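Please read the structure below before turning to the comments.
The values are calculated or read from the model by the stated rules, or taken from the named source; none is laboratory data. Here the structure is a predicted model, which means the values were calculated and not measured. Neighbour counts are summed over all protein chains in view; Cβ atoms, including those assigned to glycine, are modelled from backbone coordinates with ideal geometry. With ligands, DNA and RNA removed, areas are computed over all heavy atoms of the protein, side chains included. Shrake-Rupley method; radii C 1.70, N 1.55, O 1.52, S 1.80 Å.
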Amino acid sequence: MSEPLGRQSSKAELMKEILRGLREHGSVEEARRKFREVVGSADPHEVVAIEQQLLAEGVSVAELCQVCDLHSQVVQEVLPPQRPQFPAGHPAETFQRENQAILQLVEEIARQADSWLSVDNPEKEKAVCLTILEKLHQLFDVDKHYKRKEYCLFPYLERHGITGPSQVMWAKDDEIRQKLNLVSSQLAAACTHLDSVRKRELVGLVKEVLAHVVEMVNKEENILLPMAARILSEQEWEEIWQLAPQYGWCLVEPGNDYQPRKLAQQTTGTASNEAIQLPTGRLTYEQLLGIFRTLPVDLTFVDDNDRVAYFSDGAERIFDRNVAILGRKVQHCHPPKSIAVVEQILNDFRSGRRNVAEFWIQFRGKFVHIRYFAVRDEKGRYLGTLEVTQDISRIRTLEGERRLLQYDV
């Protein structure tokens with residue numbers, strides 16, 4: 001239970017004193033000591049209430065953001081672990097599993113960055129630099145995690161009067177996005193021309209953004225999700241579950257144990273029974289899905305914002321795909337050395353300079369034909385790019401002809 005209002009106000013006053021001290025003196029250790037007094041006996045809901053009180057009294061979001069990471073660190077130190085349990089696939093459980101995958105990826109990037117400092121061979125330096133860059137591009141998946149939090153979870157908390165996290169944490173999310181963009185662009189530019197000073201500077205930038213990512217995980221795990229678990233109703237979690245897929249998944253796929261029965265039945269019934277009227281015919285959802293799964297090609301569609309919106313899931317895909325890729329920037333689905341070409345294709349399609357790009361490669365014993373098509377509406381407006389991939393090994397061996405009447409009975 002929260003403390004009496006007077007004691008909570010005292011903690012809010014102490015928080016303001018911490019903010020003033022950081023502004024005037026910048027003493028992090030003193031701030032850490034005082035933070036322990038603020039949150040030592042507070043539950044997650046009360047910590048958020050104090051933040052909201054400060055915002056209502058005129059403390060700016062920018063000022064709270066300045067101490068957000070320090071606050072999170074102290075909360076992690078002094079409060080007992082807060083990890084409510086949910087069935088696999090519950091929106092909160094998906095956030096939790098994504099956070100664990102984020103931490104694992106952060107550890108891998110940090111190891112690669114440390115090893116980079118000890119490499120002095122130019123070829124190896126470039127190889128490690130490209131590996132770090134590729135891993136950072138995987139970390140860009142946090143954007144989907146943050147968007148689901150911002151557009152699905154925050155609105156429901158705000159219905160209960162919880163507005164602090166949506167202001168402070170959203171600002172921190174944007175800061176992380178900006179820092180990831182900055183460090184990845186600097187790494188990409190520096191991979192081929194490095195000196196020891198520049199390399200140490202870049203490693204420092206990498207470590208800085210990783211620290212911000214970890215602090216956001218801590219704040220979600222120790223404050224946001226426990227508070228949401230206590231406040232939100234089961235119906236609200238069901239509605240969040242229904243909204244979440246449009247924003248995609250971060251690094252992992254959601255589990256299947258949690259599936260709200262009422263919403264699942266409504267969704268399945270609508271999708272299965274209603275036909276879609278097209279210019280040249282009508283298809284039900286099941287027919288359309290069956291056609292995509294039967295086509296002898298793999299399809300991937302990237303929308304006009306360069307985000308992966310759809311892929312077909314036939315029985316024998318050439319390139320592996322999973323739903324965690326949905327919503328991801330297509331540039332981050334390719335090795336760093338290929339990004340410039342991907343950008344060029346998209347720019348050519350968007351500008352109307354080209355409508356098709358074609359490639360063929362040897363892959364796992366197959367001869368693979370890859371084509372990219374600009375998708376446009378009737379007025380020529382760019383809607384996105386369709387990737388069509390096909391194993392044409394057998395097709396290349398065909399000779400002569402085989403007519404319909406030669407079909408084997």
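Expressed as a whole percent, how much of the Cα-Cα distance distribution for region 89-148 exceeds 12 Å? Of all Cα-Cα distances in region 89-148, 70 percent exceed 12 Å.
Averaged over its residues, region 130-200 has an accessible area of 40 Å² per residue, based on protein heavy atoms and a 1.4 Å probe.
Cα-Cα over 31 Å: which of K135/K366; K147/K337; K149/K199? Walk me through the numbers before you get to the answer.
Values: K135/K366 28 Å; K147/K337 28 Å; K149/K199 34 Å.
Pairs exceeding 31 Å: K149/K199.
Shown is the FRET efficiency for E158 and R317, computed with R0 = 41 Å from the Cβ-Cβ distance and rounded to the nearest 0.05: 0.50.
Pop the C-beta distance of Q104 and L404 into the FRET formula with R0 = 41 Å and round what comes out to the nearest 0.05. Present the calculation step by step, with values, prior to reporting the outcome.
Numbers: r = 55 Å, r/R0 = 1.33.
Efficiency computed from Cβ-Cβ geometry: 0.15.
In this simple spin-label approximation, R293 and A309 carry label points 7 Å from Cα along the Cα→Cβ vector, and these lie 2.3 nm apart. Under a 5 Å amide H cut-off, with hydrogens placed 1.01 Å from N, Y310 pairs with F301 among residues at least 5 apart or on other chains. Where a ≥ b ≥ c are the square roots of the eigenvalues of the C-alpha gyration tensor, would you call region 337-409 rounded, which needs a/c under 1.5, or, failing that, prolate if a/b is larger than b/c, or oblate? Note, shape of region 337-409 comes out oblate. Here the accessible area of region 330-374 is 53 percent carbon and sulfur, with a 1.4 angstrom probe and all protein chains present. Label-to-label distance, Q178 versus N355, with points set 7 angstrom from Cα along the beta-carbon direction: 4.2 nm.
Ligands, DNA and RNA aside, C152 has an accessible area near 0 Å² when probed at 1.4 Å.
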